[in-house]
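The values are calculated or read from the model by the stated rules, or taken from the named source; none is laboratory data. Bear in mind the structure is a predicted one, so any value in this text is a computation, not a measurement. With ideal geometry, Cβ positions are generated from the backbone for all residues, glycine too; neighbour counts draw on all protein chains shown.
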Amino acid sequence: MQIDKLVSMANQIGSFFAAMPDHQEALDGIANHLKKFWDPRMRRELLAHVDATADSGLMPLVLEALGRHRAMLG
């Protein structure tokens, strides 16, 4: 899948969970959604993109969720 599409999809998920009043719950929600609904190859590609790119195009909340839950998502 093209990385631009993955970034866009991840940001849409992040936008949804950003409305949650509890920050940790939002981070957990993003990670759980990616784990539950994304193919492992999609998650690996997104994580590789974050590792390889200074400006990944991901919203800060998504980047934080990926960082905190990397072991679960990788």
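A few notes on this one:
- From the list A26, A52, the lone residue that is free of Cβ contacts under 8 Å to residues at least 12 places away in the same chain and either in contact with a helix residue (DSSP H, G or I) (Cβ under 7 Å, 6 or more places away or on another chain) or not basic (K, R) (or both) is A52.
- Restricting G14, G67 to those that are surrounded by fewer than 16 Cβ atoms within 10 Å (Cβ to Cβ), part of a helix (DSSP H, G or I) and modelled with pLDDT of 95 or more reduces the list to G67.
- Lone qualifier among M1, M20 - being surrounded by 12 or more Cβ atoms within 10 Å (Cβ to Cβ), at pLDDT below 95 and in a loop (DSSP other than H, G, I, E, B): M1
- When the range 8-23 is filtered for residues that are of a type in the set (S, T, Y) and closer than 14 Å to E64 by Cα, only S15 remains.
- Residue match in the range 36-57 (condition: part of a helix (DSSP H, G or I), among the polar types (S, T, N, Q) and surrounded by 13 or more Cβ atoms within 10 Å (Cβ to Cβ)): no
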